[in-house]
Amino acid sequence: MRVAVVAGPDPGHAFPAIALCLKFLAAGDEPTLLTGAEWLDTARGAGIDSVLLDGLDPIDGDDDADSGAKLHRRAARMAVLNAPRLEELALDLVVSDVITSCGGMAAEMLGVPWVELNPHPLYRPSKGLPPLGSGLAPGVGIRGRLRDAVMRALTARSVRAGDRQRATARVEIGLPPSDPGPLRRLIATLPALEVPRPDWPAEAVVVGPLHFEPTSVLLEIPDGAGPVVVVAPSTATTGTRGLAEVALESLVPGGTLPDGARVVVSRLGGSDSAVPPWAVVGLGRQDELLAYADLVVCGGGHGMVAKTLLAGVPMVVVPGGGDQWEIANRVVRQGSARLIRPLTGEALTAAVGEVLSSPGYRKHARLAGDAAGDVADPVRVCHDALASTD
């Protein structure tokens, strides 16, 4: 099967796209990745044919403060720009990242079947859930259900406005205003991070997290006999700033941490200042590092949270914006994490101390990771979806 996987350059979306391409390769398919320039060499180094996704940069007249315009109008423009390249690939299928929706539009323009990749839980509105981003559990009883209904009504106007913007953008590139949607939605998350809903879409399939390590380097953990605390600052622009700095200042062995403890800051860049001997900062394989971790402090982004749960490690989450508040609250309700907001050294040390001293957090993290086997194979889902069109 010749398949194009389309995703923007944000690591939370580009890395799952690369991971999916590797699964296609392992199954004998021929994937081509379209993404931002910063990850092309990385993907090619992993053996994936990769080309630049055109149109990612804004042009005069773009209003990035208008999320609907950014999501739909730019997607339509990018669909037109990238359609010729997709056509040259003689594709059987396009997989389009959920926020890089130009892939689906371009596939529709070319008459090629397409599938949507959600590198996180299903975020579509539901008649049985509070709006995404509230962080709330579904309401219970008459008052709880009324609360959710009122909140849904308050956000419905924005949803309708987004639908109108998408319809207008589609018409401008020659597509019908009504969006038929993808053949399937690959929901690349853990079952433990999903919330049951009464209107789960028939085309949505939970396929488990899609993780890719952008390096083969292993971070060397400093010597010591105490717990290993991994700090993973958010890669998203909406993440909480200064997490690494606050952690290195406040998490001190023999003070706020037990004697012999180590702190490992795992991030794409190195350190801008001196690093104490009991800590290390840099880029390294997180899957290997998590095998030694006793606790992870992270921003609540789906990728790191899912990776940590797969390793059975408890967390302290420091969410920023975007979907991090939603994910953070879900993992707290699941029982494997503490949440702090706003970030202060005092709040961080208190939360770290509680999680390290309470075995229940690790128990629930392991339960979440153990449930990862109850998911579908994303490659098989794509093949079956394509076969259904014959």
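The values are calculated or read from the model by the stated rules, or taken from the named source; none is laboratory data. All figures in this text were calculated on a predicted structure; none of them were measured in a lab. When we count neighbours, we look across all protein chains shown, and the Cβ atoms used for this are built from the backbone with ideal geometry, even at glycine. For accessibility, only protein heavy atoms count, side chains too; no ligands or nucleic acids. Shrake-Rupley method; radii C 1.70, N 1.55, O 1.52, S 1.80 Å.
How much length would be gained if the chain were fully extended between GLU346 and ASP259, taking 0.36 nm per residue of separation minus their Cα-Cα distance, in nm to one decimal?
Numbers: separation 87, 0.36 × 87 = 31.32 nm, distance 1.86 nm.
Taking 0.36 nm per residue and subtracting the Cα distance, the gain is 29.5 nm.
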Which ³J(HN,Hα) values, rounded to whole Hz and listed in residue order, are derived for the range 138-149 from phi using the Karplus coefficients 6.51, -1.76 and 1.60 in 6.51 cos²θ - 1.76 cosθ + 1.60 with θ = phi - 60°, glycine and proline given as x?
-> x, x, 10, x, 4, 5, x, 5, 5, 4, 5, 5
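Give me the orientation-averaged projected area of the Cα convex hull of the range 255-322, in nm², one decimal.
Details: hull surface 21.7 nm².
Average projection, Cα convex hull of the range 255-322: 5.4 nm².
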Put a dot 7 Å past each Cα toward the Cβ at TRP200 and ARG145; how far apart are the dots in nm?
-> 2.1
Rank by packing, highest mean first: peptides 188-197, 212-221, with packing defined as the count of other Cβ atoms within 10 Å averaged across residues.
-> 188-197, 212-221
Whole-percent pair-distance distribution, where bins are 10 Å wide, for the alpha carbons of the range 172-266 | 11, 24, 25, 21, 12, 5, 1
Once the piece of chain linking LEU268 and ASP179 is laid out straight, how much longer is it, given 0.36 nm per residue of separation minus the C-alpha distance between them?
-> 28.3 nm
Excluding ligands, DNA and RNA, the carbon-plus-sulfur percentage of the accessible area of the range 253-326 with a 1.4 Å probe reads 51
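Return the carbon/sulfur percentage of the accessible area of the range 29-157, one whole number, probe 1.4 Å, all protein chains in place.
Details: 3430 of 6340 Å².
The nonpolar share, carbon plus sulfur, comes to 54 percent.
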Tell me, what is the percent relative contact order of the chain, built from C-alpha pairs under 8 Å that lie six or more residues apart?
-> 15
Whole-angstrom Cα spans of the range 96-160 along principal axes, big to small | 48, 23, 16
For the range 333-379, with every protein chain kept in place, what is the accessible area per residue (1.4 Å probe, Å²)?
-> 52
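Rounded if a/c is under 1.5, else prolate if a/b beats b/c, else oblate: with a ≥ b ≥ c from the C-alpha gyration tensor eigenvalues square-rooted, which is the range 236-357?
rounded
Can you sort LYS307, LYS127, LYS70 by solvent-accessible area, 1.4 Å probe, largest first?
Working: LYS307 25, LYS127 140, LYS70 100 Å².
From most accessible down to least: LYS127, LYS70, LYS307.
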Sort the range 340-390 into rounded, prolate or oblate with this rule: let a ≥ b ≥ c be the square roots of the eigenvalues of the Cα gyration tensor; rounded if a/c is under 1.5, and if a/c is not under 1.5, prolate when a/b is larger than b/c, oblate otherwise.
-> oblate
The chain: most fluctuating residue of VAL316, VAL275, VAL159 per GNM, C-alpha cutoff 10 Å = VAL275
Using Cα extents along the principal axes in Å as the read-out, say which of (i) 62, 44, 38; (ii) 62, 52, 40; (iii) 65, 55, 44 was calculated from these coordinates.
-> (iii)
